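Remarks on the structure that follows.
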Amino acid sequence: MNTKATVPPAAPEAQESYIVSEGKKRGSTRDVRDEAAFDKYYTVLRVHGGDAILTDNWHTNEVLNHARNNFEGVTFAMRTLEAWGGMVENDHRAYYTAGGRIWVMDLEPSEGKKKRLPGTGNVGKK
């Protein structure tokens, strides 16, 4: 008779990074906070400059349009939003760094993934 005791499996470690599966940085890893939940969803209602005075030039307009086209109206898991560069401050505000500046995202908590809000995205495109 064999009396060896079985060793219980070790608890899984918390996820410290997120593997990017889309875009230019495919396959790279980005750090995410432990608080960034994979089961908490937010819809990005608006991307804007906050209280900053925006310079009306090609670079600023391109970066703002890019952020709007890729985020506005889309529902993201908190972990995904942070892996893409956003930093969720609370249930109604996040920050995103692009083009050398910080953009503000107005958020709305969501029960889960849903279709993109109508009338958002493709800003300035025909």
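Results for (1) modelled with pLDDT under 85; (2) of a type in the set (D, E, K, R), shown as yes or no for each residue.
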residue: D51; (1), (2): yes, yes
residue: L54; (1), (2): yes, no
residue: N57; (1), (2): no, no
residue: N61; (1), (2): no, no
residue: V74; (1), (2): no, no
residue: P118; (1), (2): yes, no
residue: K125; (1), (2): yes, yes
Subject >> Qualifying position, being under 14 Å from V44 (Cα atoms), among the acidic types (D, E) and under 13 Å from the mean Cα position of the chain (by Cα), among E89, E111 >> reply: E89
**OP:** Can you give me the number of residues within region 85-96 that are assigned to a loop (DSSP other than H, G, I, E, B) and open to solvent by 70 Å² or more (accessible area, probe 1.4 Å)?
**Re:** 1
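Yes or no, residue by residue, for (1) of a type outside the set (G, A, S); (2) buried (at least 20 other Cβ atoms within 10 Å of the Cβ):
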| residue | (1), (2) |
| --- | --- |
| R68 | yes, yes |
| F76 | yes, yes |
| A83 | no, yes |
| A98 | no, no |
Original post:
Can you tell which of R46, R79 is modelled with pLDDT under 90 and outside any loop (DSSP other than H, G, I, E, B)?
Top reply: R79
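The values are calculated or read from the model by the stated rules, or taken from the named source; none is laboratory data. Owing to the predicted nature of the structure, the values given are computational and were not obtained by experimental measurement. Positions of Cβ are backbone-derived with ideal geometry, glycine not excepted, and every protein chain shown enters the neighbour counts. Protein only, heavy atoms only, side chains kept; ligands, DNA and RNA dropped before computing areas. Shrake-Rupley method; radii C 1.70, N 1.55, O 1.52, S 1.80 Å.
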